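Below is one structure; the comments refer to it alone.
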Amino acid sequence: MSVAGLIRMGDNTLVLGQRLSEWCGHAPALEEDIALANMALDLIGQTQLWLGLAAEREGAGRTADTLAYHRDAWDFRNLLLVEQPNRDFGVTMMRQFLFDTWHLDALTALTEHDDAEIAAIAQKSVKEATYHRERSSDTVIALGDGTEESHTRMQAALDRLWPYVGEMFSTDTDDLIDMSGLRPAFYAYTDTVFAEATLTRPNTDFAHLGGKTGARHTEHLGHMLATMQVLPRNYPDATW
Amino acid sequence: MYAQMIKSEATQDDPEKLAAFQARIDAGDKIEPKDWMPAGYRKTLIRQIGQHAHSEIVGQLPEGNWITRAPTLERKAILLAKVQDEAGHGLYLYCAAETLGVSRDELTEMLLDGRMKYSSIFAYPTLTWADMGAVGWLVDGAAIMNQVPLQRTSYGPYARSMVRICKEESFHQRQGFDIMMKMANGTEAQKRMAQDALNRFWYPSLMMFGPSDAESVHSEQSMRWKIKMNGNDELRQKFVDQTVPQAEYLGLTIPDETLVWNEEKGGYDFAQPDWSEFFDVLKGNGPCSVERIEARQKAWDDGAWVREARLAHAAKKQAAKVAAE
């Protein structure tokens, strides 16, 4: 059933877009502020497409907005990686780099999907994801290779987030494609970037799971949704 | 209007050069970065463009306050695009200021230590979703009123940045009015939010134009230099005349019992804002003044390692390139 797989794609972009938008006005430089808002905007746009198609296929009268604003945490199907808090700029950009690398490969594979509507959304998103990965790779390299402090922060960010990488390649029949097949390309690309960034990939494959199945999200998601959903929840009769 | 109370600098340059400079301005020439200009012209412009840039940057905060709570995906996307535009406006304006010989970092430090100001309007809080409508409708509306004529200002880089900014600002104002329409035609709670937003933003919006020209000792020189194109009272009147019918259309009440159409002058008579409140805000006693600068200071301090790392990496790359050649 493709609805669950579509929701996974849309929840990833929604949750990460929401996280990135928390930076607005607080980034280290004006250029970073603009870039973060731009990525958030792309991701929210992709969310409208994925969740819009999910709602349409489901045929239960829901819309992208009702899926975004009227589900509680246990019905969200995003990766645990994207619900991780922003912490410092290093963690934010490392999270972005890990996600972008997987996301671009997943979207590229999805452009070949038999379902034309899925392929069309992937086609549109691939352009944005290509730019996102380029920028997050450059940032990881610059900050990994920058100063002693920035190097320490980026290695700490990688160590902290690495246990959330494995979930991207765990897969089941709800996924739109077999995600496990994307692992080798992920390792190949990230290793090149880590080498240039003088960062060391953690020597463990331990993975926290439970986001994309909804079995066990982190404590962070509930707080994010409480903020994001406050208006539609408080004023259910209103249109905006 | 994002530049208020700009003190224009007296100038002690060679009278002949001054006269030639004034003649160029009077003839409608654009002054470009490498042209001779009076020291006072340069200083006044730095202050004005810098304050305008700071207003764009600080102005991200009251709107950023609602991005994470925007009530639909579309509203979230529109607000993100708008705040991104504002950061872009800040960037053009800092670049325009840099052509006058002051760096973005220097200007930022002057904002943070209080030597430079940002528009008083951004020292006010955004408390409900209707405030996103009111900011677009009233605040961007007032800004456009000032910025459209500034497209003809005498300093080339400033005039050109205004052309780009004005295009985007009119989209911002339309989206603000669209939010107000939804709210004003919505549920009782939404109507209440819309009226409350108008009540809170009306007088601070009127303050955006600055105190009466009669009290402004600096206007005259800036007008002669075509750095300031219109009087404060003239723009404020224009703003009121434009906004009152829009409020009526929305079914909202302007919080001014004295407001009345004056047939003779062809405009509304209206109450002045409380100017003592305005001067308090300028002194840093606005409802959010401390939070705004605190947020910018934190972004600056927390971001130092990122800026340093980018410079260090760029230097390493440059050194490697030189070594390879």
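Only the coordinates and a few stated rules stand behind these numbers; no lab work does. Since we're looking at a predicted model, the values are computed, not measured. All Cβ positions, glycine included, derive from the backbone under ideal geometry; neighbour counts span all protein chains shown.
Taking every residue in A:212-219 and counting other chain Cβ atoms within 10 Å of its Cβ, the average works out to 0. Full extension of the chain between A:Gln123 and A:Ala195 gives 22.9 nm of extra length, using 0.36 nm per residue less the Cα-Cα distance. Among B:Lys316, B:Lys167, A:Lys212, a tally of other beta-carbon atoms within 10 Å of each Cβ gives an order, fewest to most, of B:Lys167, B:Lys316, A:Lys212. What does the charge count around A:Asp172 come to, taking other residues whose C-beta lies under 13 Å from its C-beta (Lys +1, Arg +1, Asp -1, Glu -1)? Result for the local shell: -1. The ranking of B:Asp13, A:Asp65 by Cβ neighbour count inside 10 Å, starting from the fewest, reads B:Asp13, A:Asp65. According to the square roots a ≥ b ≥ c of the eigenvalues of the Cα gyration tensor, what is the shape class of segment A:2-234, taking rounded for a/c under 1.5, prolate for a/b larger than b/c otherwise, and oblate for the remainder? Judged from the Cα gyration tensor, segment A:2-234 comes out prolate (a/c at least 1.5, a/b above b/c). Fewest neighbouring Cβ atoms within 10 Å first, the residues A:Leu80, A:Leu209, B:Leu45 line up as A:Leu209, A:Leu80, B:Leu45. Cross-link partners for B:Lys191 among the lysines, with Cα-Cα distance under 16 Å and sequence neighbours closer than 8 places in the same chain left out: B:Lys182. Highest mean packing first, where packing is the average number of other Cβ atoms within 10 Å per residue, the peptides B:239-252, B:168-181 line up as B:168-181, B:239-252.
Segment A:73-126 and segment A:178-240 have Cα centres lying 8 Å from one another. Per residue, the convex hull spanned by the Cα atoms of the protein assembly as shown amounts to 176 cubic angstrom.
Annotation note: GluC sites (Glu not before Pro) in segment A:161-239 located in DSSP loop regions with a Cβ neighbour count of at most 16 within 10 Å are A:Glu219. Amide H to amide H distances under 5 Å link B:Gly267 with B:Asn262, where only residues 5 or more positions off or on other chains count and H is placed in the peptide plane.
Using the Cα gyration tensor of chain B, with a ≥ b ≥ c the square roots of its eigenvalues, what is the shape: rounded (a/c below 1.5), prolate (a/b larger than b/c) or oblate (neither)? Since a/c reaches 1.5 but b/c is at least a/b, the shape of chain B is classed as oblate. Tally Lys/Arg at +1 and Asp/Glu at -1 over every other residue whose Cβ is under 12 Å from the Cβ of B:Lys17; what's the total? Net local charge, B:Lys17 excluded: -3. The mean sequence distance of close C-alpha pairs (under 8 Å, at least 6 residues apart), as a share of the length of chain B, puts its relative contact order at 20 percent.
Screening chain B for whole DSSP H helices with an alpha carbon extent of at least 24 angstrom along the helix axis and a mean Kyte-Doolittle hydropathy of at least -1.0 yields B:39-58, B:73-98, B:156-184, B:188-207, B:304-324. Counting, for every residue in A:228-239, the Cβ atoms of other protein chains within 10 Å of its Cβ and taking the mean gives 5. The calculated 222 nm mean residue ellipticity attributable to helices in the protein assembly as shown amounts to -20500 deg cm²/dmol, summing -39500 (n - 2.57) over DSSP H runs of n ≥ 4 and dividing by all residues. Per residue of A:40-49, other chain Cβ atoms within 10 Å of the residue Cβ number 4 on average.
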